[in-house]
Amino acid sequence: MPTPTRPSVGWIGAGRMGVEMAARLARGGADVLVGNRTRAKAEPLAQYGAKIASSLSELAGRDIVFCMVATWKDVRQVMQALLAGSAQPRLVIECSSISLEGSAELRALLAERGIDYLAAPVSGNAKVIKAGKLSFVCSGPRKSFDEALPLLKLIAPAASYVGEGELARIVKICHNVFLGVVIQSLAEITVLAEKAGVPRHAFLEFLNQSVMGSMFTRYKTPAFVNLDFKVTFTPELLRKDMDLGLEAARRFEVPMPLAAAARDLIQSMMGRGMREEDFARLLVQQAEASGLRLQPENVEVSDGLS
Ligand SMILES: NC(=O)c1ccc[n+]([C@@H]2O[C@H](COP(=O)([O-])OP(=O)(O)OC[C@H]3O[C@@H](n4cnc5c(N)ncnc54)[C@H](OP(=O)(O)O)[C@@H]3O)[C@@H](O)[C@H]2O)c1
């Protein structure tokens, strides 16, 4: 039974991120009903006590509905399906990485119906979620953040409130522009070190322990060393975020030369057919451009997460 301390929750989206986030919520004891376009991807969540819906309109009667899909176009579609009937949630928490404009349009659409809305994008991939290290950045009414916080804490240890409206969106966009620039820079320096004779695992071991090391450089190290590019985040989704960053840069008149170059290198990688693997494959493109044929080093290295 839903109570003020245990609201009923609807969860839209069981992709790479959504399925892991919903799993933590259900395992934490929340009453969760999950809807996903491809139902089979949501079904494993039943083992944690989540219920699986056959259509998104079933989720409308829940107190709080989370959404984790892909682009603003997809968010709009799933919201239309959610709100097609007469039932409606009290609060929507939207976690996909979308534009400021899309987020504002969603806020207006929900406000017309008297539904509160928290923008709550995240930092971290599926492995980071499993390791309990995801972070949320949230904006919207403070009271909605306070209401959502116990649920957010079941999913992630960190949830920052940055203010009203769509401010969380620009924070997340800035974060992912940094991700794109950092991965390209990491690829460049790793290839430079290797061409000069330093094995990748040795170079990255030093870097990870230096002031320049981070959770991100550590968890990308196994991919760089052993060339395992099983996707965590697609080049296409990263390009979307670089484009969102560059659109915002034009709107606010901020020159972003590094971001523009990184965006085009991601585009080049996609044009060469590297679309379905992890965005860390930028390393391979950089090696090819440097006349270096990479081989897996087959060295066991830590990802810093487990
Ligand atoms: N992966 C990461 O490391 C990461 C990190 C932080 C933030 N993000 C952001 O989180 C979001 C999800 O990323 P992801 O990696 O989990 O993507 P994903 O694996 O591609 O999952 C996308 C989800 O959205 C659903 N979906 C997409 N279009 C839809 C539509 N038109 N109607 C209904 N459902 C639709 C998919 O349903 P189906 O299962 O039916 O395809 C799937 O559940 C993106 O905005 C991404 O930028 C990703």
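Readers should treat all values here as calculations from the given coordinates under stated rules, not as data from a laboratory. Values in this document were obtained by computation on a predicted structure and should not be read as measured data. Don't worry about glycine lacking a Cβ; one is built from the backbone with ideal geometry, like all the others, and counts go over all protein chains shown.
Things to note:
- Value of relative contact order over the range 48-141, rounded to a whole percent, pairs C-alpha under 8 Å and six or more apart: 24
- Mean residue ellipticity (222 nm) of the chain, computed from DSSP H runs ≥ 4 via -39,500 (n - 2.57), nearest 500: -15500 deg cm²/dmol
- Close amide H pairs (under 5 Å, H built 1.01 Å from N) link LEU33 with VAL9, GLY10, TRP11, LYS51, residues at least 5 positions away or on another chain.
- Exceeding the 29 Å Cα-Cα cut-off - candidates LYS41/LYS73; LYS127/LYS195; LYS133/LYS195: LYS127/LYS195; LYS133/LYS195
- Contact order, relative form, for the chain: 13 percent (alpha carbon pairs under 8 Å, 6 or more residues apart, mean separation divided by residue count).
- Comparing PRO89, GLY49, LEU283 along the charge dipole axis of the chain, the residue lying farthest to the positive side is GLY49, per the Cβ-charge model.
- Helix 235-251 and the long axis of the chain differ in direction by around 80°, with both axes built from C-alpha atoms.
- Between the amide H of ALA159 and those of PHE136, distances stay under 5 Å, these residues lying 5 or more places away or on another chain, with hydrogens modeled in the peptide plane.
- In order along the range 196-208, the Karplus-derived 3J(HN,Hα) couplings, from 6.51 cos²θ - 1.76 cosθ + 1.60 at θ = phi - 60°, round to 7, x, 9, x, 4, 5, 6, 4, 6, 4, 5, 4, 5 Hz, and Gly and Pro are given as x.
- Protection-proxy order for peptides 270-277, 170-177, each taking the mean of Cβ atoms within 10 Å per residue, highest first: 170-177, 270-277
- Candidate aspartates and glutamates for bridging to LYS220, where Cα separation is under 16 Å - those fewer than 8 sequence places away on the same chain excluded: GLU188, GLU205, ASP228, GLU277, ASP278, GLU297, GLU300, ASP303
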